[in-house]
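Visitor: The structure that follows is given in the form of structure tokens.
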Amino acid sequence: MNRYDDKVAWVTGGGSGLGRAISLRLASEGARVAVTDMSVETAQETVAMIEAAGSGSAIALRCDVSSLADCEAAVAATEKQWGRLDCAVANAGIVGFGPVEHITEEDFMRVIDIDLLGVFRTAKAAL
């Protein structure tokens, strides 16, 4: 028996990088994974990798964590697919835009919106 057998996980930013690695690992441990990303195409690539490994079940969804409505829609789609949600991984994030002297306040606020408030929105939608 795997650690996450019969568990349903939602991973934000699951289309690449650490989010992809988390999604693959959860699936390899038996979880059904809702892979979300701003780019549904990259989320679909992660799902294809999970399916190719034969290690779990996954769906790809578009989700922008700067929108609570997007997060709520991702949870609703996950629950429609599998009947529940057991855990959420608030992984989505963006990096800065260069040296601080070149970053605008608008650029910095976008980082805060995704990297900080995105965690809040993910948790709120999951709960």
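The values are calculated or read from the model by the stated rules, or taken from the named source; none is laboratory data. Keep in mind it's a predicted model, so treat the numbers as computed, not measured. In this analysis, Cβ positions are derived from the backbone assuming ideal geometry, glycine residues included, and neighbour counts consider all displayed protein chains. Protein only, heavy atoms only, side chains kept; ligands, DNA and RNA dropped before computing areas. Shrake-Rupley method; radii C 1.70, N 1.55, O 1.52, S 1.80 Å.
Visitor: Go through (1) surrounded by fewer than 17 Cβ atoms within 10 Å (Cβ to Cβ); (2) touching a residue at least 60 places away in the same chain (Cβ under 8 Å); (3) assigned to a helix (DSSP H, G or I) and name the single condition residue 118 misses.
Guide: (1)
Visitor: Please tell me if residue 1 is within 15 Å of residue 121 (Cα to Cα) and either open to solvent by 70 Å² or more (accessible area, probe 1.4 Å) or in contact with a His (Cβ under 8 Å, 6 or more places away or on another chain) (or both).
Guide: It is false that residue 1 is within 15 Å of residue 121 (Cα to Cα) and either open to solvent by 70 Å² or more (accessible area, probe 1.4 Å) or in contact with a His (Cβ under 8 Å, 6 or more places away or on another chain) (or both).
Visitor: Six or more apart or on different chains, Cβ atoms under 6 Å: show the pairs whose first residue is in region 60-83 and free of Cβ contacts under 8 Å to residues at least 60 places away in the same chain and among the aromatic types (Phe, Trp, Tyr) and whose second is open to solvent by less than 30 Å² (accessible area, probe 1.4 Å) and part of a helix (DSSP H, G or I).
Guide: Going by the 6 Å Cβ cut-off, there are no qualifying pairs.
Visitor: Determine if region 81-104 includes at least one residue that is at pLDDT 95 or above and in a helix (DSSP H, G or I).
Guide: Within region 81-104 (the criterion being at pLDDT 95 or above and in a helix (DSSP H, G or I)), the answer is yes, since at least one residue qualifies.
Visitor: With the checklist (1) modelled with pLDDT under 95; (2) open to solvent by 70 Å² or more (accessible area, probe 1.4 Å); (3) part of a helix (DSSP H, G or I) in hand, flag the one item residue 72 doesn't pass.
Guide: (1)
Visitor: For residue 19, work out the one condition from (1) open to solvent by 10 Å² or more (accessible area, probe 1.4 Å); (2) assigned to a helix (DSSP H, G or I); (3) small (Gly, Ala, Ser); (4) touching a residue at least 12 places away in the same chain (Cβ under 8 Å) it doesn't fulfil.
Guide: Among (1) open to solvent by 10 Å² or more (accessible area, probe 1.4 Å); (2) assigned to a helix (DSSP H, G or I); (3) small (Gly, Ala, Ser); (4) touching a residue at least 12 places away in the same chain (Cβ under 8 Å), the lone unmet condition for residue 19 is (1).
Visitor: Residue check, residue 60 against (1) small (Gly, Ala, Ser); (2) buried (at least 20 other Cβ atoms within 10 Å of the Cβ); (3) under 20 Å from residue 127 (Cα atoms), all met but one. Which one?
Guide: Among (1) small (Gly, Ala, Ser); (2) buried (at least 20 other Cβ atoms within 10 Å of the Cβ); (3) under 20 Å from residue 127 (Cα atoms), the lone unmet condition for residue 60 is (3).
Visitor: Of everything in region 35-57, what is within 18 Å of residue 25 (Cα to Cα), open to solvent by 70 Å² or more (accessible area, probe 1.4 Å) and either polar (S, T, N, Q) or within 12 Å of the chain's Cα centre (by Cα) (or both)? Give them in sequence order.
Guide: Listed by number, the list holds a single entry, 44.
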